[in-house]
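Here is the structure we will look at, set down as structure tokens.
The values are calculated or read from the model by the stated rules, or taken from the named source; none is laboratory data. Note that this is a predicted model, so its numbers are computed, not measured. Using ideal geometry, Cβ is built from the backbone for each residue, glycine included, and neighbour counts are taken over all protein chains shown.
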Amino acid sequence: MNFVGRQAFRGPGLTFCRLLVARYSSKTGSKEYIDGLVKGKPVVVFMKGTPDQPRCGFSNAVVQILRFHGVENFDSVNVLEDEDVRQGIKEYTEWPTIPQIFMNGEFLGGCDIMMDMHKNGELIEELKKAGIRSALLEKAENKD
Amino acid sequence: MGVPKEELEKKLRSELDPAHLEVDDQSDGCGAKYQVLIVSQKFDGVKPTIKRHRMVHGAIEEEMKSIHAIQLKTMTPEEWEKLKPS
């Protein structure tokens with residue numbers, strides 16, 4: 001009760017439902033289940049640990065890049081808590097490593113690609129497509 | 001767990017025909033965590049970066065099962081010339 005209860009107060013109802021599904025469905029690694037996690041969401045990160053307590057340097061790097069752009073409230077899935085999702089996501093994207101980042105329901109890549117896109121400015125564009133205005137743009141405007 | 005560095009290099013060379021290749025084992029020789037720079041003509045015209053990374057993952061599909069983490073830099077010879085430390 002504790003864990004689900006806390007989530008229910010924190011997030012919108014949908015998250016609560018998903019958690020229930022996660023608890024009572026055995027197929028959290030299925031395409032349908034992962035579709036449900038990523039579709040219609042601006043940003044979803046499959047990572048090791050949580051944004052506040054990442055359990056891997058690469059997962060941490062992705063969280064820090066997002067925060068740098070002012071993106072604090074994104075969905076995250078801790079693959080260490082669910083072996084089925086951990087394998088399922090690799091099959092879903094045909095990508096062998098964690099973390100994995102989705103924007104607007106589309107797979108963007110892993111940590112290296114996120115870092116590249118951050119450096120070359122593409123991340124600002126991707127965020128815009130997902131309806132998020134990067135905090136870096138605000139900073140740039142304040143300078144002018 | 002882990003793939004010997006030589007094995008990984010050999011596979012990358014045969015599959016991607018790199019003009020320049022740097023493979024760095026960052027797991028104290030355990031072969032579990034790698035940093036790899038691949039400069040290959042085969043990346044020419046392949047955009048975005050995710051497609052190049054998929055090419056590399058494909059080339060070392062078997063090895064990836066035993067590798068925990070791999071950091072990739074993928075460039076064409078032309079891109080490499082611009083960045084190369086002179």
Practice item. Kindly indicate whether any position in the range B:43-65 is in contact (Cβ under 8 Å) with a residue 60 or more places away in the chain and surrounded by 14 or more Cβ atoms within 10 Å (Cβ to Cβ). Key: yes
**Study point:** Tabulated pairs, the range A:52-80, first within 14 Å of another protein chain (Cβ to nearest Cβ) and of a type in the set (A, V, I, L, M, F, W, C), second crowded, with 20+ Cβ neighbours inside 10 Å and assigned to a helix (DSSP H, G or I), C-beta under 8 angstrom, 6+ apart or interchain
**Key:** A:Phe58/A:Cys111; A:Ala61/A:Cys111; A:Ala61/A:Met114; A:Val62/A:Cys111; A:Val62/A:Met114; A:Val79/A:Val85; A:Val79/A:Ile89
Review point. In chain B, which helices (runs of 4 or more DSSP H) lie fully inside it and hold 3 or more residues that are over 22 Å from A:Gly110 (Cα atoms) and among the basic types (Lys, Arg)?
Key: B:5-16
Review point. Within the range B:9-35, how many residues turn out to be within 14 Å of another protein chain (Cβ to nearest Cβ), surrounded by fewer than 20 Cβ atoms within 10 Å (Cβ to Cβ) and touching an Asp or Glu at 6+ places or on another chain (Cβ under 7 Å)?
Key: 1
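Matching residues to (1) modelled with pLDDT under 95; (2) assigned to a strand (DSSP E or B); (3) surrounded by fewer than 20 Cβ atoms within 10 Å (Cβ to Cβ):
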position	(1), (2), (3)
A:Leu37	no, no, no
A:Val45	no, yes, no
A:Pro51	no, no, no
A:Asn60	no, no, yes
A:Ile65	no, no, yes
A:Val85	no, no, no
A:Tyr92	no, no, no
A:Ile98	no, no, no
A:Phe102	no, yes, no
**Study point:** B:Ile70 vs. criteria surrounded by 19 or more Cβ atoms within 10 Å (Cβ to Cβ), β-branched (Val, Ile, Thr) and in contact with a Leu (Cβ under 8 Å, 6 or more places away or on another chain)
**Key:** no
Review point. If you check B:Ser40, B:Ser27, B:Ser14, which single one turns out to be without any contact (Cβ under 8 Å) to a residue 24 or more places away in the chain and of a type in the set (Ser, Thr, Tyr)?
Key: B:Ser14
